[in-house]
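Readers should treat all values here as calculations from the given coordinates under stated rules, not as data from a laboratory. Given the structure is predicted, the values throughout are model-derived calculations rather than measurements. Here Cβ is always computed from backbone atoms with ideal geometry, including for glycine, and neighbour counts include all displayed protein chains.
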């Protein structure tokens, strides 16, 4: 009779311990923390002469007041809880900029998740706003499934979902409304 009672008490305590763990939740801690982050992305430029000291071209600069390093997780990432700004440079060194109030850079996929007040300013005057966008660094591609606005001297679009390359030379948006000025050739 005493043995049965002791076993029952043991299982009862274990059950309470599991409930406490669930209530507290899983807490993640960063492997590191960096302030005033500046990351420069470069690529090899075949147009630069071979005898040049460097054959690299600056393609992007990422700036953030704070970066949290979660590369100690199963799916590693860097978090930018206080926002980030990314300047992109094309082959002619023209700059376009993306700003967001929050971001995550996923290390394995090179995908940047930009959230909260995402703003894009292209070198030729296009302005775009959305609540969330993704930047695929490998393919130099930007996309969202959320609502957006896109404005320039000849474009005034609103819609849900848009895909485009970083230079806005290719844009795909299935659900849009607005105006677009088309120039006729003579």
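Can you work out the FRET efficiency for the pair residue 93 and residue 163, with r the C-beta to C-beta distance and R0 = 30 Å, to the nearest 0.05?
About 0.75, to the nearest 0.05.
Would you mind calculating the gained length between residue 75 and residue 44 on full extension (0.36 nm times residue separation, minus the Cα-Cα distance), in nm to one decimal?
8.3 nm
Pop the C-beta distance of residue 110 and residue 149 into the FRET formula with R0 = 25 Å and round what comes out to the nearest 0.05.
0.40
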